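All remarks here apply to the structure that follows.
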Amino acid sequence: MNLNPSRSVLHRPAGLAATALALAVSGAVLVPAAATAQPGADPASWAGTAYRGGVHVVEGGDETPDVIDGTVFVDADQDSVQDPTERGLGGVTVSNGRDVTTTDSQGRYELPAFDNMTVFVTQPRGYQVPVDADNVAQFFYHHLPEGSPELRYGGIEPTGPLPDEVNFPLAKSQLTQSPEQHCLIGADVQTYNPKEVEYARNGVFADLAARTDYAGCGALFVGDVVGDDLSLFPQTRELTGMLNGPARFLPGNHDLDFDSPRREHNFDTFRAQLGPDYYSYDSGKAHVIALNSIEYPTKPQPRKSDYTYGLGEKQMEWLRNDLAQVPDNQLIVLASHSPLLEFYYSDSHRTKQLEEIYALLEGREVVAVSGHTHMSENLREGDLMAGWKDIVGEEGLPFTHLTVGAVSGQWYAGRVLEGGYPTAIQRDGTPPGVLTLDIKNTEVTERYTVTGGDESAQMALGLNTPTYRAWYAENVTKPRGTAPALDDALTVSREDLAGTTWLTTNFWMGSTGSTVQVALDGGETVEAVRTQELRGERPRIGAEWSDPVAIQEQFVHGGGLADRTMHLWRLELPADLPAGEHTAEVSATDVHGRTFTDTLTFEVVE
């Protein structure tokens, strides 16, 4: 291997001539930063300062076609090409999706080469990979000489012979150096048509365009970027141009090339449009591992629903090798589309290699994040459901598992609000939104922002009365959005108070360690009871365990079926409440000690 640090400069004409090919092959455009600056952008804003560019692919006959090599370098002038004065960066992790290596003191790497590999760099702390005009991170190169098999949505175009070099530019970044990071996690954008793209634009993406706190760690969208129609990738991808930080993606079960003849090409169109289907990157003291957890098909003549949750042998080998490069004292954020384990489908949803994954992570500081189920779950260390015992034993979960409420909510169902997006209340009563991991060193605090951008909105308060439960029974089998409204939902008769009426609090990010306290009419504070203890029981399902606020919206206007949740608290109303109007002040305190307050006014009648 030639270690001449000026090699990429000597091959610069070939690299620039191959710019168009680089776009199709690697998803990375080799352009100067100035060429993509947004006109009129504030020079201090993300749009004015973002490092824009791409991976430098140097075409030409490689002397060693069974080896891929190149340089990771500090791109001081941010033109994506290593100049003679720009140093290579040692100790940076580079992978071919199976093997993992680190660069030498001159920033050089070499890896085994094989067909249908993606070579990518793990962004190191204190540096940032370039982004394209849509803010999509550029840190990879796909090698598929003959291209994808014939696929409806195109897949990867032929890349031809192995290039002479693949060089990865980095820019110094105080944003990723800081021990304080804000990592945005978005799940299930899942647009099925252009109308839903506009719902996403008007809702979550408009919210994110108004925020500036995630420029370092960026936004990671954990799968189901679209809803089966992969021609919507460009429209949905374009939404990330609204962000004030880099965007990265993971594939979900609705991002598949369902017509692929072989599993190894299942995500070729995703890869061509959005990037690798698994990878890692560092920001602050966090090491983010982004996994592809969807395996398809499971049957010889499959339907779209015939998928399972697993990483596959090659990805597992990469995971072992990647973790081997990460110091034990570094925080691991383990991201996947489907949850490792979760409450709602506690008997069935699990990743095949889960026991090995837990063993690999033993003793480390870890938080897992996922989407897929269109609900919010905040599962803490030690939590246990009956369906998990064969995996985690009686000790419960080894670390926090967060399932992120979907950007699409309940698939963009429900009333369309003035902001131009639907209510889309999910199947556990959580509104659509995004999660932020606020990280200080290795300490993680999770924060959920509902669509509309109101971070003070963290709970829904209602009454579960005999009248409500009768209405529920009459309408639960009807199509969502067709039920008549429940009259006097916040009225209860005195005879229905004792033992049969509860004030409910759906605390969307509530978890084990959270408390909900209620003061009626300014009186003594009483602690509400959580409906799921997570001590080894099964999910409690039905009207008495439901969120009446969510159900009323869903039955009348459309949405999910909030008949169970792991974050609902109930307070039995006193039997001696006098007739008249009453006010309940509810204080919900999360596991981190943050308290959120809301009030509910209701009426007792004779």
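The values are calculated or read from the model by the stated rules, or taken from the named source; none is laboratory data. The structure displayed is predicted, hence computed values, not measured ones. Virtual Cβ from ideal backbone geometry, glycine too; neighbours counted across all protein chains shown. Heads up: the accessible areas ignore ligands, DNA and RNA and are worked out on the full protein's heavy atoms, side chains in. Shrake-Rupley method; radii C 1.70, N 1.55, O 1.52, S 1.80 Å.
Can we say residue 78 is open to solvent by 10 Å² or more (accessible area, probe 1.4 Å) and touching a Lys or Arg at 6+ places or on another chain (Cβ under 9 Å)? Against the criterion (open to solvent by 10 Å² or more (accessible area, probe 1.4 Å) and touching a Lys or Arg at 6+ places or on another chain (Cβ under 9 Å)), residue 78 qualifies.
Taking the criterion of being crowded, with 24+ Cβ neighbours inside 10 Å and in a strand (DSSP E or B), the residues of segment 273-286 that qualify are 279, 280, 281, 283, 286.
Yes/no per residue for (1) open to solvent by 10 Å² or more (accessible area, probe 1.4 Å); (2) of a type in the set (Gly, Ala, Ser); (3) under 27 Å from residue 494 (Cα atoms):
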| residue | (1), (2), (3) |
| --- | --- |
| 550 | no, yes, yes |
| 561 | yes, no, no |
| 581 | yes, no, yes |
| 584 | no, yes, yes |
| 587 | yes, yes, yes |
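Of the strands (runs of 3 or more DSSP E) entirely within segment 452-538, those holding at least 3 residues that are open to solvent by 10 Å² or more (accessible area, probe 1.4 Å) and not hydroxyl-bearing (Ser, Thr, Tyr) occupy 459-464, 515-520. Filter segment 131-147 down to the residues that are on the phi < 0 side of the Ramachandran plot and under 21 Å from the mean Cα position of the chain (by Cα), then identify the one that is surrounded by the fewest Cβ atoms within 10 Å (Cβ to Cβ). So the residue we want is 134. Out of the residues in segment 70-107 meeting the condition of being within 23 Å of residue 315 (Cβ to Cβ) and charged (D, E, K, R), tell me which one is nearest to the chain's Cα centre (by Cα). Among residues in segment 70-107 that are within 23 Å of residue 315 (Cβ to Cβ) and charged (D, E, K, R), the one nearest to the chain's Cα centre (by Cα) is 98. In this structure, residue 84 does not satisfy being open to solvent by 40 Å² or more (accessible area, probe 1.4 Å), at pLDDT below 60 and either acidic (Asp, Glu) or in a loop (DSSP other than H, G, I, E, B) (or both).
Under the condition of being part of a loop (DSSP other than H, G, I, E, B), acidic (Asp, Glu) and open to solvent by less than 50 Å² (accessible area, probe 1.4 Å), which residue from segment 148-195 is farthest from residue 263 (Cα to Cα)? In this case the residue turns out to be 164.
Taken over segment 382-441, the residue count meeting the criterion of being touching a His at 6+ places or on another chain (Cβ under 9 Å), among the β-branched types (Val, Ile, Thr) and either at pLDDT below 95 or not in a loop (DSSP other than H, G, I, E, B) (or both) is 3.
Residues are listed down the side, and each one gets a yes or a no for (1) closer than 16 Å to residue 407 by Cα; (2) touching a helix residue (DSSP H, G or I) at 6+ places or on another chain (Cβ under 9 Å); (3) of a type outside the set (Asp, Glu):
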site	(1), (2), (3)
169	no, no, yes
185	yes, no, yes
219	yes, yes, yes
247	yes, yes, yes
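Can you name the residue in segment 349-377 that is open to solvent by 30 Å² or more (accessible area, probe 1.4 Å) and part of a loop (DSSP other than H, G, I, E, B) and, of all such residues, is farthest from residue 277 (Cα to Cα)? Going through the qualifying residues, I end up with 363. Do we find that residue 400 is touching a residue at least 40 places away in the same chain (Cβ under 8 Å), surrounded by fewer than 24 Cβ atoms within 10 Å (Cβ to Cβ), among the β-branched types (Val, Ile, Thr) and more than 29 Å from residue 538 (Cα to Cα) in this structure? Judged against the criteria, residue 400 is not a match. Any residue at all in segment 216-228 that is part of a helix (DSSP H, G or I), open to solvent by less than 10 Å² (accessible area, probe 1.4 Å), free of Cβ contacts under 8 Å to residues at least 60 places away in the same chain and not hydroxyl-bearing (Ser, Thr, Tyr)? No; the residues of segment 216-228 include none that is part of a helix (DSSP H, G or I), open to solvent by less than 10 Å² (accessible area, probe 1.4 Å), free of Cβ contacts under 8 Å to residues at least 60 places away in the same chain and not hydroxyl-bearing (Ser, Thr, Tyr). If you check 346, 338 for being modelled with pLDDT under 90, surrounded by 15 or more Cβ atoms within 10 Å (Cβ to Cβ) and part of a loop (DSSP other than H, G, I, E, B), only one passes: 346.
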